[in-house]
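Taken together, the values in this text are just the output of simple stated rules run on the coordinates, not laboratory data. Remember, it's a predicted structure, so these values are computed and weren't measured experimentally.
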Amino acid sequence: MARPGLRRLVVGAAASVAAFGSLAAVSPGAYAQGGPSPAWLDGGPDRDRLTVTVRNAGGEVDGTYELYCGPDGGSHPDPRGACAALERDTRWGKDVFAPAPEGGFCTMQYGGPATAHVTGTWAGRPVDASYDRRDGCGIARWDRLVPLLPDMGDEQRP
């Protein structure tokens, strides 16, 4: 006589195998008939598009860049890395471009005169965010989005 716990395990496993088998029995053509894919999968007008303007960062990193994600592209120097940085920080219910919280404690560390402005659309939402490195909170916020924003390292650039 089998134990009740073992019997439940065997019956549950058999049900799982049966359910998986029924999914595998559907032809790939049936999935393809589900309708057209969303435009952002095809690189259409709904994909993520950002314009990044960097000033006073020094040298060749200053300028305005276009960034497209899904698929990655544009004039940004590292579209794959920039899109990955944004994806890494994107969380449900949180704005990846949100300013530092008001009233927070920030170190009085100066990270240089670099500024950036990001506009466009990310995850279906409009973006209009400004960045600077005037204190520890601004530096941390900037560094979190490298390589979308240029890596300023530990040095202060003129």
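Rounded to the nearest whole Å³, what is the per residue volume of the convex hull around the Cα atoms of the range 66-152?
Residue-normalised Cα hull volume stands at 97 Å³.
Any chance you could run the full-extension gain for Asp95 through Tyr110? It's 0.36 nm times the residue separation minus the Cα-Cα distance, nm to one decimal.
Value of the extension gain: 2.9 nm.
Name the long-range amide H neighbours of Gly74: under 5 Å, sequence gap of 5 or more, or other chain; modelled H, no Pro or chain starts.
Tyr68
Report ³J(HN,Hα) in whole Hz for each residue of the range 115-124, in order, from the Karplus equation J = 6.51 cos²θ - 1.76 cosθ + 1.60 where θ = phi - 60°; Gly and Pro get x.
3J(HN,Hα) across the range 115-124, in whole Hz: 9, 8, 9, 10, 10, x, 9, 9, 6, x.
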